[in-house]
Amino acid sequence: MATIKYRKDIDGLRALAVILVILFHLSFSSVSGGYIGVDVFFIISGFLITSIIIKKCSNSQFTLTDFYLNRIRRLFPALYTVILLTFLFSFFILQPYDFTSFSKSTIAALFSFSNITFYLESGYWDTVSELKPLLHTWSLGVEEQFYLIWPIFLLFLLSKFKRESWCIVFIFITTLFFALTFYISQLDLSAAFYLFPFRIFQFSAGALIFAVLNAKYANKYIEKIAFSNCLFIIGITLILYSSMAFDGDTKYPNVAVLLPTLGTLFLLLAGGAGGKYSFSRIILTNSFSVWVGRISYSLYLVHWPIIVLYKYQTGTALTSFEKVYLLIATFMGGALLHYLVEKRFYSRNMSTIKQSQGTSIRKFSLITLSIGLFFSVIAGHAALNNGWEFRFQSLKLTAADIQNGKQDRFSEYRKACQINNYNDSLKCDRKSPTQVLVLGNSHEPDGFNFINAGYQKEHNLNIINFGTINLCKGLKKAGSIWVSTNSNCQKRLVNLFGHQFLDSIDYVVYSANRPFAANKILLFNLLNDIKLKNDAIKIITIGGYINTKLPCSKILNDTGSTTDCTNIDNVSYFAHSPSKQPSYKKIMGITHHFIDRVSLLCREGNVESCFNRTEDGVPMFYDQHHLSRGFAEMAGKMYANKYPYLFDL
């Protein structure tokens with residue numbers, strides 16, 4: 001019989017990982033990089049799954065069917081329970097527009113492709129991520145894709161390579177796939193974060209530790225207490241440092257991923273042959289850490305839906321009391337899920353399966369998957385029917401209203417002249433006396449709507465849209481030219497700096513949510529290079545406005561009024577002090593005219609006096625900061641009345 005040696009320190013390591021993730025999601029500032037706990041889980045999985053499969057194969061007890069069935073039994077009951085409960089609570093809490101999106105993510109979570117779905121939807125650091133109750137299942141998608149592929153690879157490895165070569169093979173795979181992850185991180189950081197191929201190196205690194213611990217030469221070093229303690233100190237330091245030093249601005253995974261990865265590898269080594277004598281007895285193998293590690297899967301499953309639905313319902317930043325309250329609720333929910341569901345269907349002693357048990361597991365797995373299929377039909381119905389609007393009888397905005405409002409931002413923007421079709425005489429009036437380029441991030445359409453409504457007709461402007469820099473993956477200056485790994489963006493950059501395009505431009509309108517934030521240095525450099533190409537170009541910078549903690553459309557539906565969108569309790573950012581922003585001096589140094597939307601739209605200079613809708617009731621935005629077309633156009637017309645000669649600078 002294949003025996004898998006139980007290691008308490010691994011449960012302790014799981015405890016450390018899940019606590020870091022939970023504290024990070026509860027917005028404890030001291031663990032701003034707590035998301036690295038997920039990396040720890042990936043490496044542990046690589047180590048454990050490899051050890052289980054190879055040891056069973058050595059005793060001729062391994063079959064792919066049994067492995068997959070056991071994975072279903074191990075993961076799906078608890079997962080499906082959490083998805084079902086989250087769906088039920090969301091039924092009563094989430095408004096139709098958000099329930100539609102949630103229902104789609106439910107289907108993805110049921111069938112283990114959440115990571116792909118969330119990658120396609122948005123980046124991990126988007127504020128809307130805070131409103132996705134199943135966002136955390138992305139990591140389960142990665143894990144389950146690993147379970148699908150890795151056993152097949154290991155069977156190939158066992159058939160082609162001798163035991164003495166395993167370390168070399170795993171080193172090769174780990175190095176190769178880390179190089180791939182590093183490369184993709186330069187092109188598309190979200191892909192490197194979410195997608196399984198770019199996490200393979202971590203699973204393989206865990207497998208490498210298994211190979212090292214089973215190598216003939218390993219134990220004589222690891223069994224030495226001093227060596228084991230040294231590994232432990234280095235490992236725990238790397239993990240804790242990463243969790244405190246990293247944050248949402250850290251380019252991750254990229255090179256930074258090496259710190260928590262190496263830290264976890266050192267801890268797995270320290271907990272090997274000599275681990276029980278090391279410092280891990282104090283930190284990882286105490287009874288509390290081991291217990292938390294044993295319920296870590298359930299804790300991970302329940303923590304994020306609890307946090308998201310609470311924040312969605314209250315709409316406020318978490319106080320210290322609320323963080324503690326939610327932490328307690330997470331542990332209570334995790335413990336209940338573990339003992340009532342997880343342990344009922346799986347135990348670590350299921351290393352051998354008799355024929356009758358195998359038949360039972362097959363039936364159980366079939367029933368489980370059937371439940372998932374049935375539930376996906378229900379979720380699909382909700383997704384296809386506007387999030388079941390019958391749940392809310394007095395909505396000011398339906399799901400369709402919100403979707404149409406968001407899309408309407410682009411209705412005029414897409415019809416206008418684009419930099420890639422500048423030579424198209426039907427869309428671009430190159431004979432116009434005033435050529436205006438609008439450039440920015442996702443708020444570029446807001447700048448266009450502002451200028452187009454206020455000035456285009458009266459001044460006969462030819463407004464050219466760059467197309468936003470948001471899809472310009474890997475945007476940087478390489479030598480004397482600007483490059484992007486996105487082919488469409490690269491074409492736009494070539495058109496921007498080539499063919500004497502800038503010689504014909506009179507104005508550049510720079511439009512962003514927080515135009516003077518620290519992360520706008522790249523845009524400053526781009527604008528500065530535009531000026532260097534044609535110093536006669538005048539740059540107009542449009543200031544920021546308001547960000548809300550929850551979408552303004554949700555606040556409107558909750559309260560019946562857009563006034564609450566400018567209630568200080570619902571506001572996360574207000575652009576009333578632009579001069580205090582990090583990039584203010586640099587950008588204003590090349591700016592000829594600054595449009596301060598706060599002084600224009602806020603009568604008394606404080607957020608609660610600001611305009612929050614148009615005269616016909618269109619909210620200032622439907623999400624948390626992108627201006628609706630109607631509101632941007634209203635602001636543009638107001639500014640044109642105040643400064644009619646803006647384009648006569």
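The values are calculated or read from the model by the stated rules, or taken from the named source; none is laboratory data. Remember, it's a predicted structure, so these values are computed and weren't measured experimentally. Cβ placement follows ideal geometry from the backbone for every residue including glycine, while neighbour counts extend to all protein chains displayed. Heads up: the accessible areas ignore ligands, DNA and RNA and are worked out on the full protein's heavy atoms, side chains in. Shrake-Rupley method; radii C 1.70, N 1.55, O 1.52, S 1.80 Å.
Size estimate for the stretch 139-213 follows the Kirkwood approach: the inverse of mean 1/r over distinct Cα pairs works out to 12.9 Å. Within straight cross-link reach of Lys520, meaning Cα distance under 17 Å, which lysines are found once same-chain residues fewer than 8 apart are removed? Once the sequence-local lysines are set aside, what remains near Lys520 is Lys251, Lys473, Lys476, Lys477, Lys531, Lys580, Lys585, Lys586. The aspartates and glutamates whose alpha-carbon is closer than 18 Å to the alpha-carbon of Lys363, local same-chain residues fewer than 8 away aside, are Asp66, Glu342. Relative intensity of the stretch 506-550 on a log10 scale, I(q)/I(0) at q = 0.17, 0.21, 0.23 Å⁻¹, equals -0.53, -0.73, -0.83, per a Debye sum over C-alpha point scatterers of equal strength in the absence of solvent. Put simply, the stretch 126-179 fits an ellipsoid with semi-axes of 34, 14, 6 Å; these come from the alpha carbon gyration tensor as the roots of five times its eigenvalues, largest first. For the chain, the solvent-accessible area with a 1.4 angstrom probe is 44 square angstrom per residue. Per residue, the average separation of C-alpha pairs within less than 8 Å and at least 6 apart gives the stretch 575-626 a relative contact order of 20 percent.
Secondary structure note: in the stretch 429-507, about 35% of the DSSP beta bridges are antiparallel. Counting only DSSP H runs of at least 4 residues, each contributing -39500 (n - 2.57), and dividing by the residue count of the chain, the helix-based mean residue ellipticity at 222 nm comes to -17500 deg cm²/dmol. Helix screen, the chain: DSSP H segments with Cα axial length of 24 Å or more and mean Kyte-Doolittle hydropathy at least -1.0 are 8-25, 37-58, 64-93, 138-160, 166-187, 225-245, 296-314, 320-337, 355-384. For the pair Ser480 and Ser370, the difference between a 0.36 nm per residue extended length and the Cα-Cα distance amounts to 33.7 nm.
Counting only residues at least eight positions apart within a chain, or on another chain, the lysines with an alpha carbon under 24 Å from that of Lys162 are Lys5, Lys55, Lys56, Lys216, Lys220. When DSSP beta bridges are restricted to pairs lying wholly in the chain, around 30% turn out antiparallel. Given N residues in the chain, what is Rg(Cα) / (2.2 N^0.38 Å)? Computed over Cα atoms of the chain, the ratio equals 1.08. Taking each residue as 0.36 nm, the span from Leu258 to Val324 lengthens on full extension beyond its C-alpha to C-alpha distance by 20.6 nm. What you get for the chain, charging only the Cβ of Lys and Arg (+1) and of Asp and Glu (-1), is a dipole of about 2400 debye around the Cα centre. Think of each Lys and Arg Cβ as +1 and each Asp and Glu Cβ as -1; about the Cα centre, that makes the dipole of the stretch 363-448 roughly 160 debye. Ordering Val18, Leu88, Gly46 by the projection of their Cα atoms onto the charge dipole of the stretch 1-145, which places +1 on the Cβ of Lys and Arg and -1 on the Cβ of Asp and Glu, puts Gly46 at the extreme positive end. Here the accessible area of the stretch 97-198 is 72 percent carbon and sulfur, with a 1.4 angstrom probe and all protein chains present.
Taking amide H atoms as placed 1.01 Å from N in the peptide plane, the amide H of Lys538 lies under 5 Å from those of Tyr507, Val508, each 5 or more residues away in sequence or on another chain. Cysteine residues of the chain whose Cβ has no partner cysteine Cβ closer than 4.7 Å: Cys57, Cys167, Cys230. Taking 0.36 nm per residue of separation and subtracting the Cα-Cα distance, full extension of the segment from Lys5 to Ser561 would add 194.0 nm.
Averaging 1/r over each pair of different alpha-carbon atoms in the stretch 240-346 and inverting the result gives 16.6 Å, the Kirkwood hydrodynamic radius. Summed over all non-identical Cα pairs, the Kirkwood treatment of the stretch 395-536 gives a radius of 16.0 Å. Magnitude of the charge dipole for the stretch 1-130, about its Cα centre and with charges confined to Cβ atoms of Lys, Arg (+1) and Asp, Glu (-1), is about 740 debye.
Expressed as a whole percent, the accessible area of the stretch 539-635 that falls on carbon and sulfur atoms is 45 (1.4 Å probe).
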